[in-house]
Amino acid sequence: MNKSKNLNRPILKYLRELSVVVIGISITVGIGLGVNRSNSKKDLELYLSAVKLELEENERNLDKYAAWLQKSYRYAEYLRLNDKKSLNRDSLWYYSTSTSFYDDVDRDNYGCGFFSTRSFSSIFTTNAFEMLKFSGTMRQLKNKELLLSIWNTYVFLEEFKVMLDSAFQEKAEEAKRELPLLFTEGKLNAIPMLLFYTSENPYAMIGWCKITSETVKGTRLKLEKQK
């Protein structure tokens, strides 16, 4: 009997020591997982904050872009509503002049002239969203509706940029063909950029700009509520 007890003591001691080690490892792993979860949550919050700031900037630029395109829109309306044989030279001069997108919106003559072929599509950025995608933290976002909204908004923004560049490319091609033939001895021979401004492009450009701005705003508001 005593011999059996003596044999069991080392085993019990070993089991107690093993259990202490197992418990210690479990606590360490648990703490490590907790720290990782906490860090992942903080990282996600930082990335989402960056996305929100980027959307705010894109929204401001989209609204300003819509204001800049108003001049082109008004020129299209001017051609649509007036007799093309008796267009006012002063009005044509006004619609031909262009200011930079970066100028003050309230300045006189602000807007895109009918010969302007620069799209400024590069002002709409997606850097914060790209960082979120490749960070690996996106899977931590439990609000799947918000995740889908963010994703769709940036897809919409990229589609808008492609549409914008395509329209300006079409405009540039017409301007290149037309400019050498437009004037003879200082006199206007034709209606400037008639094909482009009687197409759907001027209306589609400003329409897409406004729709994209509303889409960006909607996602930005969702991000603010998420906090």
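A compact table of results
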item: Meets criteria (at pLDDT below 95 and not in a loop (DSSP other than H, G, I, E, B)) for L87; result: no
item: Residue within the range 61-76 that is basic (K, R), out of contact with any strand residue (DSSP E or B) (no Cβ under 9 Å at 6 or more places or on another chain), in contact (Cβ under 8 Å) with a residue 12 or more places away in the chain and under 20 Å from K217 (Cβ atoms) present; result: yes
item: Selection from the range 101-116 of residues that are surrounded by fewer than 18 Cβ atoms within 10 Å (Cβ to Cβ) and within 19 Å of I206 (Cβ to Cβ); result: Y102, D103, V105, D106, N109
item: Answer residue from the range 206-224, given it is within 19 Å of Y73 (Cα to Cα) and of a type in the set (S, T, Y) and is surrounded by the fewest Cβ atoms within 10 Å (Cβ to Cβ) among those; result: S213
item: Residue satisfying condition, being in a helix (DSSP H, G or I) and within 17 Å of T215 (Cα to Cα), within set E158, E77, E130; result: E158
item: Residue identified as modelled with pLDDT of 90 or more, surrounded by 15 or more Cβ atoms within 10 Å (Cβ to Cβ) and among the small types (G, A, S) among S122, S98, S166; result: S98
item: Hits in the range 101-137 - residues which are under 25 Å from K41 (Cβ atoms) and in contact (Cβ under 8 Å) with a residue 24 or more places away in the chain; result: T126, N127, A128, F129, M131, L132, S135, T137
item: Filter result (of a type in the set (S, T, N, Q), surrounded by fewer than 16 Cβ atoms within 10 Å (Cβ to Cβ) and assigned to a helix (DSSP H, G or I)) within the range 142-155; result: N152
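The values are calculated or read from the model by the stated rules, or taken from the named source; none is laboratory data. This structure is a prediction, so every number in the text was calculated from the model and none was measured. Backbone-built Cβ (ideal geometry, glycine too); neighbour counts: all protein chains shown.
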